[in-house]
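A short reminder: the numbers here are calculations on the coordinates, not readings from a lab. Just so you know, these numbers come straight off a predicted model, no measurement behind them. Cβ placement follows ideal geometry from the backbone for every residue including glycine, while neighbour counts extend to all protein chains displayed.
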Amino acid sequence: MADPSHCIIIGAGIAGLSAARRLKELSIPHIVLDKGRSVGGRMATRRIGKALCDHGAQVISAQGPDMICTVDEWRDSKLVKSWGPIKTRPHRGSDFYYAINGMNSIAKHLARDLDVHTSWQAQSVMFDNDIATIQSQDGESMTARSVLLTPPMPQSLALLDAGNVSLDSEHRTLLETIDYDRCIAVLVTIPGQSNVPPPGGLWLGSEPIQWIADNRKKGLSSQETAITIHAGPEFSDSHWETDFNEVAQTLLNAASKWIGPEHIEVQVHRWRYSQAIQTHPKPFALLESPGLLAFAGDGFRGDQIEGARLSGIAAANALAKHLRS
Ligand SMILES: Cc1cc2nc3c(=O)[nH]c(=O)nc-3n(C[C@H](O)[C@H](O)[C@H](O)COP(=O)(O)OP(=O)(O)OC[C@H]3O[C@@H](n4cnc5c(N)ncnc54)[C@H](O)[C@@H]3O)c2cc1C
């Protein structure tokens, strides 16, 4: 690229896309890069036959006034509907929503009219004379005056390591404390109806199963019953390397009371970075050396989707101030 864009955002999850929308509002040129085939990151929706399943994030909660306002807009745009009463992780707030066409549709809505490059896997980030160069796995490169990293923190730090960027030890130590649970997800379509009670989300909070959702009762999959099972962190850790068929069978057996014995199609997905369990004390991080470099995502404020969104917006506001000065 001849003219360095003002900001390159790595990651088109909720944090990266929320940051990009804010930069667009502020008229700061930017580009979003994501290694995935589609946008959304952990706000992921998959089609199995005629069924639709959310296999990453399940529930949108709105605790603070900013997110309540955002969710109101999404509800007016027919993106989300109130979902409840359901029980989720104990610390979550009380207003819950589901995405009518799947979590991924919210990311697609945020990505509309933005310059987003999917299937663009960054391999390294380096700085030279305050200009950042991001190199892709396919040998492409892009330059920018600033970079916002939104992948899970170990992946963000690996990009800097690959570009020989060293951070001062105080910042590095804080960033390295961010930690995430692992989660093994099983998606299964079944004949007829499940015994998952209405409105289709069941928080067990135990092992081996933490959560079961019936995407049909939830309102997402109208034609076929599709179930999402999330294993708890202990089971996910101890079965991380276990053969997919074996792990699926164990979880399907454990869920048989709710889903019955018959399975049409079964898929397994492993989330290495599922939900942040140890977070950074600030809403985002911004460094001015070795160049203008910011970090955002759910590793900062916690609070999952809500926190990641607010983290992305806060990082974009801070970057804009620097880019304009
Ligand atoms: C199983 C599961 C259940 C969950 N349940 C809930 C829930 O019910 N409610 C809730 O609020 N939250 C839930 N979460 C958490 C929620 O999904 C996350 O907190 C939120 O989506 C994080 O958004 P993010 O933008 O910070 O990160 P991500 O969504 O992870 O986005 C990061 C993006 O960076 C991209 N990326 C990574 N490396 C590179 C690279 N080298 N080059 C280019 N792109 C790269 C990825 O492809 C990804 O799109 C759940 C998550 C999981 C996995």
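In table form, for the structure just shown:
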read-out: The range 162-219 versus the range 15-66: alpha-carbon centroid distance in Å; value: 15
read-out: Nearest-20 debye value, the range 182-266 charge dipole, Cβ charges on Lys, Arg, Asp, Glu; value: 460
read-out: Distance in nm between pseudo-label sites at HIS117 and ASP161 (7 Å out along the Cβ direction from Cα); value: 2.5
read-out: Pairs of alpha carbons in the range 267-323 whose separation is greater than 20 Å (percent); value: 33
read-out: Where a label projected 7 Å from the Cα of ASP138 along Cα→Cβ would reach, residues of the range 18-42 with amide N under 14 Å; value: 33-38
read-out: The range 140-156-the range 225-252 distance, computed between alpha-carbon centres (Å); value: 32
read-out: Ranking of THR177, THR70 by count of other Cβ atoms within 10 Å, fewest first; value: THR177, THR70
read-out: Cβ-placed point charges (K, R +1; D, E -1), dipole of the range 216-325 about Cα centre in debye, nearest 20; value: 680
read-out: Of the chymotrypsin sites (Phe, Trp or Tyr not before Pro) in the range 193-261, those whose Cβ has at most 16 other Cβ within 10 Å and which sit in DSSP loop; value: TRP240
read-out: Residue among SER166, SER124, PRO152 farthest towards the positive dipole end of the range 33-186, charges placed on Cβ; value: PRO152
read-out: Gyration tensor (alpha-carbon) shape descriptor, the range 86-181, a/c threshold 1.5; value: oblate
read-out: Burial ordering of ASP298, ASP138, ASP130, fewest other beta-carbon atoms within 10 Å first; value: ASP138, ASP130, ASP298
read-out: With Cα atoms, 0 to 90° folded angle of helix 153-162 axis to the chain main axis; value: 40
read-out: Exposure proxy ranking, count of Cβ atoms within 10 Å, fewest first, for TYR98, TYR180; value: TYR180, TYR98
read-out: 10 Å Cβ shell holding at most 16 others, DSSP loop, trypsin sites (Lys or Arg not before Pro): longest site-free stretch of the chain; value: 113-271
read-out: Folded to 0 to 90 degrees: helix 304-324 orientation relative to the chain principal axis, Cα; value: 10
read-out: Unsatisfied cross-links (Cα-Cα over 19 Å) in the set LYS50/LYS87; LYS24/LYS78; LYS78/LYS218; LYS78/LYS108; value: LYS50/LYS87; LYS24/LYS78
read-out: Cα centroid of the range 308-325 to Cα centroid of the range 78-126, whole Å; value: 20
read-out: Distribution of pairwise C-alpha distances over the chain, 20 Å bins, in %; value: 32, 55, 12, 0
read-out: GNM top mover of SER289, SER274, SER124 - the chain, alpha-carbon springs below 10 Å; value: SER289
read-out: Loop-located GluC sites (Glu not before Pro) in the range 218-254 whose Cβ has at most 14 other Cβ within 10 Å (DSSP); value: GLU241
read-out: Residue with peak Gaussian network fluctuation, the chain [Cα springs, cutoff 10 Å], from GLY192, GLY16, GLY36; value: GLY192
read-out: Theoretical gain in end-to-end length, ARG324 to GLU73 [0.36 nm per residue, Cα-Cα removed]; value: 87.4 nm
read-out: Directionally averaged shadow of the range 22-117, computed from the convex hull of its alpha-carbon atoms, nm²; value: 7.6
read-out: Those lysines that a straight Cα-Cα span of less than 20 Å connects to LYS282, excepting residues fewer than 8 apart in one chain; value: LYS321
read-out: Student exercise, the chain dipole from Lys, Arg, Asp, Glu Cβ charges, in Debye to nearest 20; value: 1040
read-out: Contact order normalised by residue count of the chain, Cα under 8 Å, 6+ apart, percent; value: 23
